[in-house]
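> Below is the structure I would like to discuss, written out as structure tokens.
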Amino acid sequence: MSNSRIVVTGIGATTPLGGTVPDSWSALLDGASGTHTLEVDWIDEYQLPVSFAATAKVRPDTVLERPIAKRLDPSAQLALVAAREAWEDAGSPEVEPERLGVDFATGIGGLWTLLDGWKTLQEKGIRRVMPMSVPMLMPNAAAGNLSLQFNARAYARTVASACASSTEAIVNAIEHIREGKADVVITGGTESVIHPVTIAAFSAMQALSRRNDDPETASRPTSVDRDGFVMGEGAAVLILETEEHARARGAKIYAAVVGGGVTADSYHITANDPEGHGAARAVNLALDMAGASVDDVTHINAHATSTPVGDPNEYQALKAVFGDRVDDIPVSATKASTGHLLGGTGALEAIFTILAIRDRVAPPTINISTQDPAVPFRVSGSAQELGSGDQLAISNSFGFGGHNAVAAFTNV
């Protein structure tokens with residue numbers, strides 16, 4: 001396996017904060033919230049206990065060509081919008097198709113297509129079910145369509161490890177490039193499942209915030225009065241390649257992705273290990289791959305979903321790695337602004353981590369009324385300066401099933 005340094009040369013995203021990376025980043029630094037009341041009739045129809053979410057600010061079917069949008073589930077639509085931005089941002093690399101790969105992710109996949117198809121079958125019969133339903137609902141639809149869009153023939157792989165999915169896809173991309181399977185990889189994740197079924201199911205689990213009267217502040221990681229996460233949707237894409245390949249074609253470089261760790265808790269299907277053994281091991285694996293120590297880390301983008309149990313468990317996991325120093329590292333919990341994009345969240349937060357390194361600023365964590373003493377991360381409602389020296393930042397993602405994934409980035 002090669003030890004070539006892997007760099008990020010393009011980024012793209014469509015999020016609850018904006019339809020592009022610059023718009024989303026600017027809104028994040030301004031302390032905006034992407035959460036709002038849902039203007040849909042099915043909230044009342046099904047008497048759902050949660051009436052808000054963080055939907056994509058720009059609907060993908062208003063951006064894509066109509067014939068293309070009609071053949072894609074919203075999750076794949078979002079992925080394509082973000083990927084086009086990232087590809088253009090990377091300078092549209094000239095690469096042999098057999099050397100271009102796709103490592104993509106989703107937590108659930110084409111839920112809207114699946115459940116709309118079921119409803120159509122029940123109400124209108126078999127002749128009205130769309131013939132494209134299966135290629136639209138399958139979890140690998142986004143990866144397959146990105147492969148078609150960019151003529152990527154090295155491979156097109158899909159990770160589905162719940163909320164750890166797209167960070168795991170990034171780690172896979174590092175390994176695949178180092179193994180020589182591709183010169184350039186399109187990686188990231190997508191999710192679009194703000195649907196009556198998911199709201200009902202997550203509500204039944206007591207996982208969602210119920211601040212229907214104040215949705216903009218409902219996601220409040222590390223705050224003592226947090227009461228659950230906010231569902232979000234969107235997609236984020238990164239273009240990765242070796243530093244040699246990037247410099248040979250004169251590409252701009254955002255950062256290097258220098259480490260990754262993927263582990264499993266084997267503790268509970270939905271609850272993470274309260275002692276954080278698996279999460280801590282994922283952080284250590286990422287630092288080991290980076291050839292770095294805990295003293296080198298200058299910023300953390302925490303998974304921090306705003307759940308009563310998840311936030312303190314993550315703190316304990318990081319304290320096991322960093323000791324008392326964890327309280328001195330600037331931390332951002334960006335789900336306070338974006339909501340939780342499930343399978344797309346890791347890639348989006350990787351981009352935010354990269355931009356934090358570039359701009360030397362840790363994004364604010366909004367909506368904290370009083371910080372929970374059980375989660376004493378160094379978070380702030382204002383942006384935190386990261387200083388002028390070398391930067392090494394990590395981004396954490398943890399998912400149902402006991403999945404843990406961590407990616408490490410540094411400036412170049």
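> Suppose we filter Glu233, Glu243, Glu216 for residues that are of a type in the set (Asp, Glu), more than 30 Å from Tyr46 (Cβ to Cβ) and in contact (Cβ under 8 Å) with a residue 60 or more places away in the chain; which single one remains? Even if it seems obvious, please write down each step before you answer.
Numbers: Glu233 fails: more than 30 Å from Tyr46 (Cβ to Cβ); Glu216 fails: more than 30 Å from Tyr46 (Cβ to Cβ).
Selected residue: Glu243, the only one of Glu233, Glu243, Glu216 that is of a type in the set (Asp, Glu), more than 30 Å from Tyr46 (Cβ to Cβ) and in contact (Cβ under 8 Å) with a residue 60 or more places away in the chain.
> Being in a loop (DSSP other than H, G, I, E, B) and of a type in the set (A, V, I, L, M, F, W, C) is the filter; apply it to the range 187-216 and report the residue that is farthest from Val7 (Cα to Cα).
Step by step, filter the range 187-216, then rank; the result is Met205.
Per-residue answers, yes or no, for (1) under 22 Å from the mean Cα position of the chain (by Cα); (2) buried (at least 24 other Cβ atoms within 10 Å of the Cβ):
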position: Ile177; (1), (2): yes, yes
position: Lys181; (1), (2): no, no
position: Leu208; (1), (2): yes, yes
position: Pro215; (1), (2): yes, no
position: Ala248; (1), (2): no, no
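> Another question, if that's okay. Restricting attention to the range 143-170, and to residues there that are under 24 Å from Leu285 (Cβ atoms) and polar (S, T, N, Q), which single residue is farthest from the chain's Cα centre (by Cα)? Break it down into steps so the answer makes sense when it comes.
Just the residues of the range 143-170 that are under 24 Å from Leu285 (Cβ atoms), to begin with: 155, 157-170.
Cutting the leftovers down to polar (S, T, N, Q) gives us 158, 161, 165-167.
Working: Thr158: 14, Ser161: 12, Ser165: 8, Ser166: 6, Thr167: 7 Å.
For the range 143-170, the residue satisfying everything is Thr158.
> Can you tell me which residues in the range 109-152 are buried (at least 18 other Cβ atoms within 10 Å of the Cβ), out of contact with any strand residue (DSSP E or B) (no Cβ under 7 Å at 6 or more places or on another chain) and either in a loop (DSSP other than H, G, I, E, B) or of a type outside the set (A, V, I, L, M, F, W, C) (or both)?
Gly109, Gly110, Thr113, Asp116, Gly117, Ser133, Pro135, Met138, Asn145
> Do we find that Ala164 is part of a helix (DSSP H, G or I), touching a His at 6+ places or on another chain (Cβ under 6 Å) and modelled with pLDDT of 95 or more in this structure?
Numbers: part of a helix (DSSP H, G or I): yes; touching a His at 6+ places or on another chain (Cβ under 6 Å): yes; modelled with pLDDT of 95 or more: yes.
When the stated conditions are applied, Ala164 passes them.
> Further question on the same structure: Out of all the residues in the range 49-62, is one or more surrounded by fewer than 22 Cβ atoms within 10 Å (Cβ to Cβ), of a type in the set (A, V, I, L, M, F, W, C) and within 30 Å of Asp183 (Cβ to Cβ)?
Scanning the range 49-62 turns up no residue that is surrounded by fewer than 22 Cβ atoms within 10 Å (Cβ to Cβ), of a type in the set (A, V, I, L, M, F, W, C) and within 30 Å of Asp183 (Cβ to Cβ).
> Suppose we keep only residues that are in contact with an Asp or Glu (Cβ under 6 Å, 6 or more places away or on another chain) and farther than 18 Å from Ile170 by Cα within the range 273-314. Which one would you say is surrounded by the most Cβ atoms within 10 Å (Cβ to Cβ)?
Here the residue is Ala304.
The values are calculated or read from the model by the stated rules, or taken from the named source; none is laboratory data. Bear in mind the structure is a predicted one, so any value in this text is a computation, not a measurement. Note: ideal-geometry Cβ built from the backbone for every residue, glycine included; neighbour counts use all protein chains shown.
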